[in-house]
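The values are calculated or read from the model by the stated rules, or taken from the named source; none is laboratory data. Given the structure is predicted, the values throughout are model-derived calculations rather than measurements. When we count neighbours, we look across all protein chains shown, and the Cβ atoms used for this are built from the backbone with ideal geometry, even at glycine.
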Amino acid sequence: MYFGDCTDLNYRCMEKDVSIPIELYESLKGNYFIGYADSLTFGNGTSAWARLYNPPDSGVTLYVNVWTVTDISEAPFRAQFWFNADPPGFPSESPVTPSNTAIFPPPVARVKLQSASNVSGEPTGGIKAFVRRGVPETTLVESENGKLIFPPGGSFLVYLSLAEDPTVSASGRVAFGWWEEPIFRKC
């Protein structure tokens, strides 16, 4: 604690030093977004996926802060986490929202939240970075604190499948929190 030049140690003489989490800082700037892919269905020999996709022309760098996999029903499941992979199937886009709703007009995310259900095949290209397993009716959650970083054209993919009995049905959702920083190029 710093007391400045005061000789008496009362509260009027203290200076304030505040440290804020990076997530709050990015939210205050209008760069933090949240969203989820709901009603993902898989099983019976198929898989599902959700991803944060940073389009090649986005002009931003994607920083993944948090992800969750929840409401998986019926059977134990596996969640594979892929970097910069091409997933099978045809994606649909889910709505996202800025976390700071006090800014007007509201910021618009450049990163896309995409998903697909009941797909066949595995992701191609990229790299399978890590895998988590879960049991029905549990939530997997991890705070990455922005350490997963993707340039334009990159993606963070959560690929869901049943771990033990691929012949049953399952459903669930994947949620993300992330921030975007503009890319500034030197001339």
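Key figures
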{"item": "Failed item, numbered, when residue 49 is tested on (1) at pLDDT 95 or above; (2) of a type outside the set (A, V, I, L, M); (3) closer than 25 Å to residue 139 by Cα; (4) in a loop (DSSP other than H, G, I, E, B)", "result": "(4)"}
{"item": "All positions within the stretch 69-81 that are surrounded by fewer than 19 Cβ atoms within 10 Å (Cβ to Cβ) and either among the β-branched types (Val, Ile, Thr) or part of a loop (DSSP other than H, G, I, E, B) (or both)", "result": "70, 71, 73, 74, 75, 76"}
{"item": "Condition broken by residue 60, with the remaining ones in (1) modelled with pLDDT of 95 or more; (2) out of contact with any Ser or Thr (no Cβ under 9 Å at 6 or more places or on another chain); (3) within 28 Å of residue 137 (Cβ to Cβ) satisfied", "result": "(3)"}
{"item": "Unique match (being free of Cβ contacts under 8 Å to residues at least 60 places away in the same chain, farther than 17 Å from residue 82 by Cβ and either in a strand (DSSP E or B) or more than 15 Å from the chain's Cα centre (by Cα) (or both)) among 105, 166, 136, 152", "result": "105"}
{"item": "Whichever residue in the stretch 126-155 is over 26 Å from residue 110 (Cβ atoms) and in contact with a Lys or Arg (Cβ under 7 Å, 6 or more places away or on another chain) and, among such residues, is surrounded by the most Cβ atoms within 10 Å (Cβ to Cβ)", "result": "140"}
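Table: residues versus (1) among the small types (Gly, Ala, Ser); (2) farther than 26 Å from residue 21 by Cα; (3) surrounded by fewer than 14 Cβ atoms within 10 Å (Cβ to Cβ).
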site: 83; (1), (2), (3): no, no, no
site: 104; (1), (2), (3): no, no, yes
site: 110; (1), (2), (3): no, no, no
site: 117; (1), (2), (3): yes, yes, no
site: 122; (1), (2), (3): no, yes, no
site: 157; (1), (2), (3): no, no, no
site: 178; (1), (2), (3): no, no, no
